[in-house]
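Enquirer: Starting off with a structure, shown below.
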């Protein structure tokens, strides 16, 4: 399975997850889903986090497991914290499409129309 892209490979813009599927029953769900915070980490950073959790944060054990110095481990932790902090401050914001469907749903959410009216209007779009 491929790791999620962080940006559009064509324009560099933010990406949203538009469809997910259950690997067991194959149920598909469509919408706008936000990727998890840790999906912003590289494979190398995720491997480091897994090792860190296995040794329960013991930096001396991390030195033994990874075969690197204490300052290298601290630098890696700082790097991972910076990536996660950036992701928390700049979550991927899905753009709101200005479509007739969106306008109908916004009216419904605002209470300007009821569910039956919204359904009739949505059926009229297809």
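The values are calculated or read from the model by the stated rules, or taken from the named source; none is laboratory data. Remember, it's a predicted structure, so these values are computed and weren't measured experimentally. Cβ atoms come from the backbone with ideal geometry, glycine included; neighbour counts cover every protein chain shown.
Enquirer: Quick check on segment 16-29. Is at least one of its residues without any contact (Cβ under 8 Å) to a residue 40 or more places away in the chain, touching a helix residue (DSSP H, G or I) at 6+ places or on another chain (Cβ under 9 Å) and in a loop (DSSP other than H, G, I, E, B)?
Expert: no
Enquirer: Another question, if that's okay. Is segment 100-111 home to any residue that is outside any helix (DSSP H, G or I), over 28 Å from residue 12 (Cα atoms), at pLDDT below 95 and touching a helix residue (DSSP H, G or I) at 6+ places or on another chain (Cβ under 8 Å)?
Expert: No, segment 100-111 contains no residue that is outside any helix (DSSP H, G or I), over 28 Å from residue 12 (Cα atoms), at pLDDT below 95 and touching a helix residue (DSSP H, G or I) at 6+ places or on another chain (Cβ under 8 Å).
Enquirer: Just for segment 82-99: of the residues that are closer than 30 Å to residue 41 by Cα and not in a helix (DSSP H, G or I), which one is modelled with the highest pLDDT?
Expert: 90
Enquirer: Only one of 48, 38 is modelled with pLDDT of 90 or more, assigned to a helix (DSSP H, G or I), under 29 Å from residue 77 (Cβ atoms) and within 21 Å of the chain's Cα centre (by Cα); which?
Expert: Checking each option against the conditions leaves just 48.
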